[in-house]
Each structure stands twice: as C-alpha cells, then as structure tokens.
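The values are calculated or read from the model by the stated rules, or taken from the named source; none is laboratory data. Keep in mind that this is a model prediction, so the values were computed, not measured. Cβ placement follows ideal geometry from the backbone for every residue including glycine, while neighbour counts extend to all protein chains displayed. We work out accessible area using only protein heavy atoms, side chains counted, and drop any ligands, DNA or RNA first. Shrake-Rupley method; radii C 1.70, N 1.55, O 1.52, S 1.80 Å.
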Amino acid sequence: RGYTKSKFITNSFKIIIWFETMIILKKSINHGLYMNTIINFIFIFLLVMKIASALSIENPIAQPPLSGEMKKFQLAKNKTSIIEFSWVDSSENQIKLSDFRGKVVLLNLWASWCAPCIRELPSLDRLAKDLDPKQFAIIVLSVDRGKNSIKKADFILNKKLALKNLKFYKDPKKLVGKLLGIRALPTTFLFDAAGRSIGKIEAAVEWDEKDPTKFIKFFRATPNFIDKLPER
C-alpha cells in the first residue's frame, strides 16, 4: 500500500545506476585511474539524484470522488478528533455514536415537517439494504419535538413509507443538532470508522445512486483519509 508506479520506476533506476557505478569503479581501480574513479562516481551520483528528483512524485492524499450531487458535500479540511454523542430509540434506549465504532457512519437528521427530508428517506433505506452492515451504518435521526410530532415522524418512517432497513431514532431535545451545528434540514454527516467527522451535506440526496454510493465506499477503502489531513 502506498507503493506507487513512480516510486517503482525511481527505485529501479537507482538499482541500475548504482550497479553500473560499481562496474566503473572496479574497472577504474583495476587500471589505477583514481581521479577518473572519483569523477565518474560524482557524476553518476548527481545523475541518480536528478532522476530520483524527476521521477519520485510525492504520494498525494487520495481524494474522494466528489462528483454529481456529492459536489455539495463539505469535506473536513483538517484532522478531527473522535466525536461522541447519543440519542434514543423508540423504546427510550440510549444509542451512542461509539456503538458503531469500526463502521463508516452516515447520520441523517430529518423532521416530519420537512418535505425534502421525507423524499430522501426511501433512498437511504435502499442504501442501507445495499451496503454491508458490518462495514457501514445508516442512521436516520428525527429532530421532531413534542409527543405528537414524534409520533408523526415514527408513523412516516414505519407506516407511510414502510421502510424496512432503517430504525426509528429520535433526538427530541435536539442535542445532536446543537452539537453538530446544523443550519438546515435535511443535513447528513459522515463519520469514519474511528468516529471522526468526515464532513456534511446540507441538501437532500438520492443516496442509492452511483455517485453517493461510490463516495461513501471510498471512506471504507481509505480508512486513513483523516489521518493525512493537517492538524487544526
């Protein structure tokens, strides 16, 4: 991993040139041509450094595929710390983000009064069905407040839309929304397997289409993406 084509070419050139250097050195010594030996050695050394400089390309941070609707995704620009927060399920059991450690987590915040939120829920359900649950977690979190609003949100998810792959979670005090600083709904956050924020998108998305799916899978295939970003 991380052994690029350019590095292979560079190392191959180094081996060949150093081999030729040893042959010239041996011949020069055998003929007593010490000055020529030194000159040849310096020349070849400088040639090696020049080739290495030209061919050795610094391996850049692999960038996620920001195409289609994912162009709106706001990627983290700096290395983030591990985030921890919690919410509750329909039985009032506390669920923590760390419960999903080891998985790439997509956290979607929505509300029953938000039409774009409701329209994107079926695509999130299809995405949850298509992704390996051992590697990914798709969480939809209602920020509805008040008993009636929460019941309505539960009804929409489980009855009206009859979604099969998503559980109903709620955050009636909007603690998660406040912590993450949401400004609009729907807002979807992405966290890596260590629980660090990758970024967010403040828009409704058809999540089961090619571009979003490829985007999410990138962070499973590149778990060290955040590690390569600069410190805050």
What's the number of the only condition in (1) at pLDDT below 95; (2) surrounded by 12 or more Cβ atoms within 10 Å (Cβ to Cβ); (3) of a type in the set (Val, Ile, Thr) that Val105 fails to meet? (1)
Residue in the stretch 112-145 that is least open to solvent (accessible area, probe 1.4 Å), counting only those that are among the small types (Gly, Ala, Ser) and part of a helix (DSSP H, G or I): Ser123
Exactly one of Leu179, Leu185 is open to solvent by 30 Å² or more (accessible area, probe 1.4 Å) and either assigned to a helix (DSSP H, G or I) or at positive phi (or both), and that one is Leu179
So, first residue under 23 Å from Glu120 (Cα atoms) in the stretch 66-95, second residue in a loop (DSSP other than H, G, I, E, B) and open to solvent by 80 Å² or more (accessible area, probe 1.4 Å), Cβ within less than 6 Å, six or more apart or across chains; the pairs are none
Do we have Leu229 as surrounded by 15 or more Cβ atoms within 10 Å (Cβ to Cβ), modelled with pLDDT under 95, over 18 Å from Glu84 (Cα atoms) and of a type outside the set (Asp, Glu) here? yes
For residues in the stretch 188-226 being part of a loop (DSSP other than H, G, I, E, B) and either among the aromatic types (Phe, Trp, Tyr) or without any contact (Cβ under 8 Å) to a residue 24 or more places away in the chain (or both), which is surrounded by the fewest Cβ atoms within 10 Å (Cβ to Cβ)? Asn224
Could you please find all residues in the stretch 67-86 being open to solvent by 50 Å² or more (accessible area, probe 1.4 Å), modelled with pLDDT of 95 or more and assigned to a loop (DSSP other than H, G, I, E, B)? Glu84
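Given Lys151, Lys170, which one is without any contact (Cβ under 8 Å) to a residue 24 or more places away in the chain and either among the acidic types (Asp, Glu) or closer than 18 Å to Ser91 by Cα (or both)? So that I can check it myself, show each step before the final result.
Working: Lys170 fails: without any contact (Cβ under 8 Å) to a residue 24 or more places away in the chain.
Unique residue meeting the criteria: Lys151.
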Quick check on the stretch 146-176: of everything there that is among the basic types (Lys, Arg) and within 27 Å of the chain's Cα centre (by Cα), which residue is least open to solvent (accessible area, probe 1.4 Å)? Lys170
